[in-house]
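Q: Here it is: the structure, laid out below.
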Amino acid sequence: MDQILNWRYIFVGLFASVALIGCGGSGGGAAVTSNDSTSSPPSIVSTPVVVNTGNDFGGTWVMGSPTTEGVTFNVHSTDQAGLVAIDYSLTSLQYTQQLAPTLLEIDKPLELRLQNLKPGTRYFYRLLFQSSASKQWTATPEYEFQTAKQVGQSFVFAIQGDSHPERLKTQFDADLYKRTLLRVAADKPDFYILSGDDFSVDTLNPDTINAAQVRERYTLQRPYLNLIGRTSPLFLVNGNHEQAARYLLDGTPNNVAVWAQNSRNSLYSQPAPDSFYTGNSEVIPNIGLLRNYFSWTWGDALFVVIDPYWESPVAVDNQFGGTTKRQSMWDVTHGDAQYVWLKRTLEQSKAKYKFVFAHHVMGTGRGGIELAKLWEWGGESQNGQFDFVSQRPSWTTPIHQLMVANKVSIFFQGHDHIWVRQKLDGVTYQTLSQPADPNYTLWNADAYLTGDKFPNTGYTRVNVSPSQVKVEYVRTYLQKDEGPGKVHGEVAFSYTLP
């Protein structure tokens, strides 16, 4: 490694054209941009010389929006400015390509896009940093990432339930969260999905809340998610506590919904519709593309993320700042546009397996299949009457029945802070554990009348192959809490499909 770090090497692809993220650019080379859409492509600079592995970079980076030929690095530092570059290669410690050095400013997330990569391929990389106060370049240790798998290729992904870092000492322990994320990283999943309530802002005072306070909820997660996001791209599912919700919009840039979504989009590079992803094409004033619901195909599986919070004109679950309470759960909706997109996505996909992700059935309540028959999800009102036709006259079928008809393999949800496997009409309903609850509690167990139930804490690992899907609940513990039957990294329960 030391020999490599002292090797002077030549940039590859510096003279290739540059494509800005989200602009549909074409051509070779690596795209470079910041979250400021007015930023210019970097100028050609002299080749950096790596002098040591001290890794003077104290910031964080997380990957997002992986495709068959690229991935985005989101780099951020609260107190450092300088140049950032990326070495990468197909072979460990033998870097043959480099992303051109780009200026990182203090507290301004920088998106760096690697593209023209090979599909279904594992890459090795290291981040290079030159502080504005130094002329020396340093390098991080080597990490890996994976481009999108092709049909017939096996892969692993992982997913967590509600992390709630704002619930310190009740449902969140920082050391336990780190242990969980490092345990996930050791599995080398192709990507990692967060199921919502990871950036909760609704505990902030509605009378004094401001953009900086909301943004802090998103920067709070960066040191933790850096542990997994530097090896596995992140996909975010919107939760009820995020308050990234349409009902809070007031036509100005100064409201919680705008602050939350802009913080989310700037600090975590989520997919926009393109040749690899489909999703929400609506442009919201003061935000742009929401990037709140989207789908992609990876190997033999279709992945679909949905969101009721941005689409409902009323508060779906908890209200913020004394807003008007919903009159009926029929007022809560995923919206016509999202429904049409979901229906088309499921119907047109030829993937062998189909996975749907949301924070919760209808975005609120407790339980899994216990709620699946209700409202626009299942068509019935609370009194048991099937009111779907009158309440959703332009929809063809409720969401659950839509999943059944299109052979959805698993619906994943969080919200209830418990790990439960259930099945209804051939669709598995998988509720997810929290990743950092030091109480290891079996929350909300009474809401689940059936199913295989397990308490916190841990994550869910999914192995997908052409022949089957294997789902595993991996338990995680603080070292002091380990003992007989409580082994960090043990598989508490597993099942396979079909």
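Q: Given points 7 Å out from each Cα along the Cα-Cβ axis, report the residue 178 to residue 79 separation in nanometres with one decimal.
A: Here the answer is 1.7 nm between the modelled labels.
Q: Per residue, how much accessible area does the chain show when a 1.4 Å probe rolls over the protein heavy atoms, in square angstrom?
A: Per-residue accessible area for the chain comes out at 38 Å².
Q: How tilted is helix 256-267 with respect to the longest principal axis of the chain? Cα atoms for both, answer in degrees (0 to 90, nearest 10).
A: For 256-267 against the chain, the angle is about 40 degrees.
Q: If I fit a long axis through the Cα atoms of helix 174-187 and take the longest principal axis of the Cα atoms of the chain, what angle between them do I get, 0 to 90°, rounded to 10?
A: 80 degrees
Q: Additional query: Rounded, prolate or oblate: pick one for region 188-308, where a ≥ b ≥ c are the square roots of the eigenvalues of its C-alpha gyration tensor, a/c under 1.5 means rounded, and failing that, prolate if a/b is larger than b/c, else oblate. Walk me through the numbers on the way to the answer.
A: On the way: a/c = 2.26, a/b = 1.40, b/c = 1.62.
Because a/c hits 1.5 or more and a/b fails to exceed b/c, region 188-308 counts as oblate.
Q: Want the number for residue 186 to residue 208: 0.36 nm per residue separation, take away the alpha-carbon distance, what's left?
A: Gain in length upon complete extension: 3.8 nm.
Q: What list of ³J(HN,Hα) couplings, whole Hz, do you get for region 188-203 from phi and the Karplus terms 6.51, -1.76, 1.60, once you set θ to phi - 60° and write x for glycine and proline?
A: 6, x, 4, 7, 10, 10, 9, 8, x, 6, 10, 9, 5, 10, 7, 8
Q: While we're looking at this one, here's another question. Kindly identify region 114-210 as rounded, prolate or oblate by the Cα gyration tensor criterion: order the square roots of the eigenvalues as a ≥ b ≥ c, call it rounded if a/c is under 1.5, otherwise compare a/b with b/c, prolate if a/b is larger, else oblate.
A: oblate
Q: Around residue 183, under 10 Å between beta carbons, what's the net of Lys plus Arg minus Asp minus Glu among the other residues?
A: +3
Q: Here's something else I'd like to know. Could you work out the local net charge near residue 220, counting Lys and Arg as +1, Asp and Glu as -1, over the other residues with Cβ closer than 15 Å to its Cβ?
A: -3
Q: State the Cα centre-to-centre distance between region 280-332 and region 425-498 in whole Å.
A: Cα centroid of region 280-332 versus Cα centroid of region 425-498: 27 Å apart.
Q: If you don't mind, there's one more thing I want to ask. In nm, give the distance between the simple-model label positions of residue 479 and residue 170, each being 7 Å from the Cα along the Cα-to-Cβ direction.
A: 3.0 nm
Q: Where a ≥ b ≥ c are the square roots of the eigenvalues of the C-alpha gyration tensor, would you call region 48-189 rounded, which needs a/c under 1.5, or, failing that, prolate if a/b is larger than b/c, or oblate? Can you show the working numbers first?
A: On the way: a/c = 1.92, a/b = 1.09, b/c = 1.76.
Because a/c hits 1.5 or more and a/b fails to exceed b/c, region 48-189 counts as oblate.
Q: Under the rule of at least 5 residues apart or a separate chain, name every residue whose amide H is placed under 5 Å from the amide H of residue 289.
A: Those lying under 5 Å, H to H, from residue 289 are 284.
Q: Given a Förster distance of 45 angstrom, what is the FRET efficiency for residue 444 paired with residue 136, based on the Cβ-Cβ distance and rounded to 0.05?
A: Rounded to the nearest 0.05, the efficiency is 0.25.
Q: Using R₀ = 25 Å, calculate the FRET efficiency as 1/(1 + (r/R₀)^6) where r is the Cβ-Cβ separation of residue 281 and residue 394; round to 0.05. Can you show the working numbers first?
A: Values: r = 19 Å, r/R0 = 0.75.
E between residue 281 and residue 394, to the nearest 0.05, is 0.85.
Q: Provide the solvent-accessible area of residue 424, counting protein heavy atoms only and rolling a 1.4 Å probe, rounded to the nearest 10 Å².
A: 50 Å²
Q: Per residue of the chain, what 222 nm ellipticity follows from adding -39500 (n - 2.57) for every DSSP H run with n ≥ 4, rounded to the nearest 500?
A: -4000 deg cm²/dmol
Q: Next question, about the same structure. Among 123, 319, 137, whose Cα sits farthest toward the positive end of the charge dipole of the chain (+1 at Cβ of Lys/Arg, -1 at Cβ of Asp/Glu, about the Cα centre)?
A: Positive-end residue among those listed: 123.
Q: Any idea of residue 107's accessible area? Nearest 10 Å², probe 1.4 Å.
A: Roll a 1.4 Å probe over it and residue 107 shows about 60 Å².
Q: What whole-number distance in Å separates the alpha-carbon centres of region 366-392 and region 253-270?
A: 32 Å
Q: Sticking with the crude label model, points 7 Å out along Cα→Cβ, report the distance from residue 318 to residue 90 in nm, one decimal please.
A: The two pseudo-label positions are separated by 5.0 nm.
Q: Can you pull the percent of the chain's accessible area that's carbon plus sulfur, 1.4 Å probe, other chains left in place?
A: For the chain, the apolar C and S fraction of the accessible surface comes to 51 percent.
Q: Between region 118-178 and region 186-242, what is the separation of their alpha carbon centroids in Å?
A: Between the Cα centre of region 118-178 and that of region 186-242, the gap is 14 Å.
The values are calculated or read from the model by the stated rules, or taken from the named source; none is laboratory data. Note that the coordinates shown come from a computational prediction; the quantities given were computed from them, not determined experimentally. Note that we place each Cβ from the backbone using ideal geometry, even for glycine, and neighbour counts take in every protein chain shown. Heads up: the accessible areas ignore ligands, DNA and RNA and are worked out on the full protein's heavy atoms, side chains in. Shrake-Rupley method; radii C 1.70, N 1.55, O 1.52, S 1.80 Å.
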